[in-house]
1. Considering (1) in contact with a helix residue (DSSP H, G or I) (Cβ under 9 Å, 6 or more places away or on another chain); (2) away from ligand 2 (no atom under 15 Å from the Cβ); (3) at pLDDT below 90, say which one residue 143 fails and leave the rest.
2. Among the residues of the range 221-267 satisfying the criterion of being more than 16 Å from ligand 1 (Cβ to nearest atom) and part of a helix (DSSP H, G or I), which is farthest from residue 182 (Cα to Cα)?
3. Considering only the range 112-124, how many residues are more than 9 Å from ligand 2 (Cβ to nearest atom) and at pLDDT 95 or above?
4. Return the residues of the range 282-293 that are more than 22 Å from residue 251 (Cα to Cα) and either surrounded by 19 or more Cβ atoms within 10 Å (Cβ to Cβ) or at pLDDT below 95 (or both); say none if nothing qualifies.
5. Go through (1) within 16 Å of ligand 2 (Cβ to nearest atom); (2) free of Cβ contacts under 8 Å to residues at least 60 places away in the same chain for residue 127 and report which single condition fails.
6. Condition first: at pLDDT 95 or above, away from ligand 2 (no atom under 16 Å from the Cβ) and either closer than 20 Å to residue 131 by Cβ or buried (at least 22 other Cβ atoms within 10 Å of the Cβ) (or both). Can you find one or more residues in the range 294-304 that meet it?
7. Could you tell me which numbered condition residue 312 fails, if it satisfies all but one of (1) surrounded by 13 or more Cβ atoms within 10 Å (Cβ to Cβ); (2) in contact with a helix residue (DSSP H, G or I) (Cβ under 8 Å, 6 or more places away or on another chain)?
Ligand SMILES: Nc1ncnc2c1ncn2[C@@H]1O[C@H](COP(=O)(O)OP(=O)(O)OP(=O)(O)O)[C@@H](O)[C@H]1O
Ligand SMILES: [Mg+2]
């Protein structure tokens, strides 16, 4: 069933999907709004622009002759970027598990559970929907009356991704955009999301759900921290983000191989050039611990950690954690139940590492210079 309503220059379609297989029972008959895109350089995501009342995005003003002024994101108190110049080192996996662990390890003395969100800024290869189990069915982001995007929530974590904005028939096609459109899309994902409105509970009662999950966010409150999953490299997206947004911390992910370390150094330098404080480094796939009855000695499959530790010391940056290469981590990502929220024994050691990283990240964010 579908109905169409005009919302300015684009259309907002409300779709009721019939029930599907039992594995997808949670998606049954959900009302979804899919913003039909009009691919223009000005508005590549096709967000409604002249609805009631219009809320034109306030793009950052260029100061006279200088770079654009950095701004805070709407309804977001702190921004934490998860990055690495190298592809495939586990940025998205770390970003998702870290965001979920930040939710589960409130800063000391906090009087309420923290509010955390996850923004997928990988325009060309978004992973967050898959990692959070939000890629099933034909999901789409709704828009508020004022035309802002409403995040999709699972595991109590509101998320936004390019994937939610593509019409279903384009969701699995590669995005072939040039620089200007990428920049505009990034700006829309940064400045046109209403993070106060992502409180829809989803997938309740799904097999494997943990008892006593965190309460869903109360509507109408800003995020304590937005974790941003960045694409690899120092291209358009990284530039747009770091030039336009006040970032309170950055976590750079590396693997032990020497080929990854040079990129790690470049990642840290990029942040330092744009005045962003690097919170610390994470060594992912640091070692493999064989399952019992084999001896539980960590095997450095991708090389010893020493070169990475030396790099961290030379950059005078803390090592926030060493995450093992762990089948439960990739299985968790593939199933939409990241290891940080899985209630089973497998991955328990990794869960603890993520919680420990989250604790250190909170500590650093709370005393970050940009918050003072
Ligand atoms: N600690 C880990 N143990 C096991 N598998 C892992 C671990 N970290 C990441 N992976 C797996 O490695 C693959 C790449 O991870 P991921 O997509 O998070 O990397 P990425 O750096 O975000 O990649 P890209 O540069 O393409 O965005 C995924 O299949 C993921 O499940
Ligand atoms: Mg990624």
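The values are calculated or read from the model by the stated rules, or taken from the named source; none is laboratory data. Computed from a prediction, not measured in an experiment: that's the story for all the values here. All Cβ positions, glycine included, derive from the backbone under ideal geometry; neighbour counts span all protein chains shown.
1. (1)
2. Restricting attention to the range 221-267, the residues satisfying the condition of being more than 16 Å from ligand 1 (Cβ to nearest atom) are 221-226, 239-240, 242-249, 258, 265.
Filter again for part of a helix (DSSP H, G or I), leaving 239-240, 242-244, 258, 265.
Details: 239: 11, 240: 9, 242: 15, 243: 15, 244: 14, 258: 31, 265: 25 Å.
Residue satisfying both the conditions and the ranking: 258.
3. First pass over the range 112-124, keeping only residues more than 9 Å from ligand 2 (Cβ to nearest atom): 112-119, 121, 123-124.
Retained after the next criterion (residues that are at pLDDT 95 or above): 116-119, 121.
Qualifying residue count for the region: 5.
4. Looking only at the range 282-293, we keep the residues that are more than 22 Å from residue 251 (Cα to Cα), and these are 288-293.
289, 290, 291, 292, 293, listed by residue number.
5. (2)
6. no
7. Of (1) surrounded by 13 or more Cβ atoms within 10 Å (Cβ to Cβ); (2) in contact with a helix residue (DSSP H, G or I) (Cβ under 8 Å, 6 or more places away or on another chain), only one is false for residue 312: (2).
Residue by residue, here is whether (1) more than 19 Å from residue 157 (Cβ to Cβ); (2) not in a helix (DSSP H, G or I) holds:
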| residue | (1), (2) |
| --- | --- |
| 279 | yes, yes |
| 304 | yes, yes |
| 311 | yes, no |
| 316 | yes, yes |
| 329 | no, no |
| 340 | no, no |
| 354 | no, no |
| 357 | no, no |
| 361 | no, no |
